[in-house]
Amino acid sequence: MKALTYFISLIGTILLFTFTILAAKTVDVTKVGAIGDGTTLNTVKIQNAIDDCSAKGGCTLLFPKGVFLTGAIFIKKGVNLHLAEGAVVKGSTDRKDYPKMKTRIEGHFPEWLPALINADKTDSLRITGKGTFDGNGVPFWADFWARRKENPKTTNLDVERPRLMFIQNSKNIKISGVTFKDSGFWNLHIYNCHKVLVENARFEVQDGLRAPSSDAIDIDSSQDVTVRRCNFRIDDDAVCLKGTKGPFAMDDKLSPPVENIRVTDCTFERGHGVLTLGSEGTIIRNVIIENSKVTGPIPLVRLKLRLDTPQLYENIHYRNITLDSTGAIFEIRPWKQFFDLKGQPPPNSVVRNITISNIKGTFGSFGEIQGNAGQTTISNIKVENVDVQIKNDKLTTVGVTNLTMKKVKVNGKPFVLKP
């Protein structure tokens, strides 16, 4: 009996010790001075908590229910974020709260605004919970459209807007459950990362508003990334694969290939592209999107072919997709926006080994497949097991070799590709 009593006491002591350790590794931001009233600026309090946790070996920073207004914060090694249900980390609309720094934007490293949430060299980072990251983007969007109205040649970089989250130079990353809402610029930017999982996340822009460059997920020069069970309702590309740009892009050692990307079990409600390659992009290969639904007027296969950048897009596979909207199946075409050859001859590009299989439902058009004349080689496009109702059954192809179709039915009839 004494032995049993001792054993039970020992187990209790171990459990209490374990609970104490775990509790010590979770820090409630309200206990360190942050106020979730939606008006108090909490940047300093949150950053101090991050710095302190990292210095003590790491912790999970907990945001309870409330609206925590903040400027740019920088996650350090060993620190994770957890947003409880009802918690909102909301971005300031004052650019002064995002001090300019050298950062990765559109394939290069200009002095620009950081993101709301920034992480560099934070292996095994975890960002979890049912809360929301709110970019508070409306005034930033208004600034952009006002400048664009004054000058139609205004570019993204001319009007600085903070991204919602930027993670770079890291591996073994997990982002789960959270909502990304109304980002001033890109929502989730992943650069030079390896083994990343984004799951059960939502990416949203308010309906009825134009949100320029509100890409949901930008996978930039990264490898082994999985996106699963996510919902996209934004005003630009949903999942966008990126690298760098310009005639010397292939020599850029800071922009390794985008490789081994898997998107699965997702829903696409609003956006400019379901899975988009470019506009900055050099080598992108070994990509699968599968088991997903498209319910908005969004192009399915969107490949942007720059006039000024050598590109290799290969082994891209779309399979088991249900369509229920009015987009185009193919949108493979030149991307002529703001290119610069820098005095060099137009470079060559290659698109090859693209498959579309097991596609069904209702959509707007078959679309088009064509590259830049004299620059782009497009080959080995396979379309099979497709049964769709579409308003415009014409597929425009220019300069495509080895386009094959097998078991393709359009509007109830076998599809014949017309010259």
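The values are calculated or read from the model by the stated rules, or taken from the named source; none is laboratory data. Just so we're clear, the structure is a prediction, and the values are computed from it rather than from any experiment. A quick note on method: Cβ atoms are made from the backbone with ideal geometry, for glycine too, and the neighbour counts reach across all protein chains shown. For the accessible areas, the whole protein counts, side chains as well, though only heavy atoms, and no ligand, DNA or RNA atoms are used. Shrake-Rupley method; radii C 1.70, N 1.55, O 1.52, S 1.80 Å.
Rounded to the nearest 500 deg cm²/dmol, what is the calculated helix-only ellipticity per residue at 222 nm for the chain, with -39500 (n - 2.57) per DSSP H run of length n ≥ 4?
-4000 deg cm²/dmol
Kindly report the accessible area of the range 302-342 per residue (heavy atoms of protein chains, probe 1.4 Å, no ligands, DNA or RNA), in Å².
For the range 302-342, the per-residue accessible area is 38 Å².
Please list the helices of the chain that count as membrane-span-like by this rule: a mean Kyte-Doolittle hydropathy of at least 1.0 together with Cα atoms stretching 27 Å or more along the helix axis, each helix being a complete DSSP H run.
Those that pass (Cα extent of 27 Å or more, hydropathy at least 1.0) are 2-24.
Tally Lys and Arg at +1 and Asp and Glu at -1 over the other residues with C-beta under 10 Å from the C-beta of Cys59: what net charge comes out?
Around Cys59, the surrounding residues sum to +1.
Protein chains only, probe 1.4 Å: how do Val287, Val67 rank by accessible area, largest first?
Reading off the accessible areas and sorting them downward yields Val67, Val287.
To make sure I understand the rule: partners must be lysines, Cα under 22 Å from the Cα of Lys245, and not fewer than 8 residues away in the same chain. Which ones qualify?
Within the straight-line cut-off, Lys245 pairs with Lys102, Lys153, Lys253, Lys304, Lys336, Lys342.
What do you reckon, how do Thr70, Thr397 stack up by accessible area (1.4 Å probe), largest on top?
Thr397, Thr70
How many percent of the accessible area of the chain is carbon or sulfur, using a 1.4 Å probe?
Its accessible area is 54 percent carbon and sulfur atoms.
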